[in-house]
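> This is the structure I want to talk about, given as structure tokens.
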Amino acid sequence: MEILEIEIQTDDLLETENFYSGVLGLQMASKGPNSISFLAGQSTLNFIKSNKVNPKYHFAFNIPHNKLEEAIIWAASKLNLIQISDNGIVANFESWNARAIYFYDNNNNILELIARFDLHNLTDKPFDISSFLSISEIGIVTDEPIKLADKLIENYSLNYFSKGSKSESFVTIGDDNGLFIIVKTNRNWFPTKQKSEKHFIRIRISTNGLTKDITLIEENVSR
């Protein structure tokens, strides 16, 4: 499954532009009075103006699996990386065969750069913003994760992630290219104590050669 686009909310479009264009250096795709979009490799990251105060999300970007150490140096020169534990800033997901680092954007969204060693994306090119290959994950929040996951799987011909766990508070749909991280409302977003919140999300995916649009407004899923 590939995540082609996500659309999420921000209460401050100007500061969002400053962060994603000015700090990270993503190329702007479009800009309007109530929206702004950025290119992230093969994906597009869309923000729309929200009347809510500071809605918060979690999402991740795939990077070349041999470039995590360079990504740390690059990111640390621009922003503060989130401490995972006393052991450092890198999360090691053994069952997923992946490692990741985390940081906040201007909205206090939790962003992640993840190196997945089962993807064939090795490169000799030095790490820069073009090393953001695609949107890898989007966090989805609901009161009943398994119920919502089953509904998404049925409606959109998706599958549970073969490497992922399945519980009443956490499930994953997709594959190494693109994942839905579905968590229970008010669960802490790893690796922080920030509580997960239910907000509007629109997602465009490609799977089995088909493009599909999914809109989530709390538990309601519309095609």
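> Kindly identify region 83-160 as rounded, prolate or oblate by the Cα gyration tensor criterion: order the square roots of the eigenvalues as a ≥ b ≥ c, call it rounded if a/c is under 1.5, otherwise compare a/b with b/c, prolate if a/b is larger, else oblate.
Prolate, since a/c reaches 1.5 and a/b exceeds b/c.
> So, in nm, how far is label Ile153 from label Asn208 when the simple model puts each one 7 Å beyond its Cα toward the Cβ?
1.4 nm
> Stokes-Einstein D for the chain at 4 °C, 1.567 mPa s, Kirkwood Rh over Cα pairs, in µm²/s?
Estimated via Stokes-Einstein, D reaches 74 µm²/s.
> Quick one: which residues, 5+ away or cross-chain, put their amide H under 5 Å from the amide H of Leu179? H built at 1.01 Å from N.
Placed amide hydrogens put Glu137, Ile138 under 5 Å from Leu179.
> DSSP beta bridges in the chain, what fraction antiparallel, as a percent rounded to 5?
Working: 51 of 69 bridges.
Expressed as a percentage, antiparallel bridges in the chain total about 75.
> Okay, next question. Could you run the Karplus curve 6.51 cos²θ - 1.76 cosθ + 1.60 with θ = phi - 60° over region 136-153 and give me ³J(HN,Hα) per residue in whole Hz, x for Gly and Pro?
Result, rounded to whole Hz: 8, 9, 9, x, 10, 10, 7, 6, 9, x, 5, 4, 5, 4, 4, 5, 5, 4.
> A follow-up question, please. Take Met28 and Ser169, extend 7 Å from each Cα along the Cα→Cβ direction, and tell me the distance between the two endpoints in nm.
The answer from the label model is 4.1 nm.
> For Ile89, enumerate residues with amide H under 5 Å from its amide H, sequence gap 5+ or separate chain, H modeled in the peptide plane.
Those lying under 5 Å, H to H, from Ile89 are Ile84.
> Once phi is turned into θ = phi - 60°, what whole-Hz ³J(HN,Hα) does the Karplus curve with 6.51, -1.76 and 1.60 give for every residue of region 30-46, x standing for Gly and Pro?
6, 8, x, x, 10, 7, 7, 10, 10, 8, 10, x, 7, 10, 10, 9, 10
> From the backbone phi of region 118-129, what are the Karplus-calculated ³J(HN,Hα) couplings (6.51 cos²θ - 1.76 cosθ + 1.60, θ = phi - 60°) in whole Hz, Gly and Pro given as x?
My calculation for region 118-129 gives 8, 8, 8, 10, 4, 8, 9, 6, x, 5, 8, 4 Hz in order.
> Let's test the formula: R0 of 22 Å, r as the Cβ-Cβ distance of Lys198 and Lys49. What FRET efficiency results, to the nearest 0.05? Don't jump to the answer; show the numbers that get you there.
On the way: r = 19 Å, r/R0 = 0.84.
Efficiency for this residue pair is about 0.75.
Read the figures in this text as sums done on the coordinates, not as results from a lab. Not measured: the values here are computed from a predicted model. Ideal geometry is used to build each Cβ from the backbone, glycine not excepted, and the neighbour counts take in all protein chains shown.
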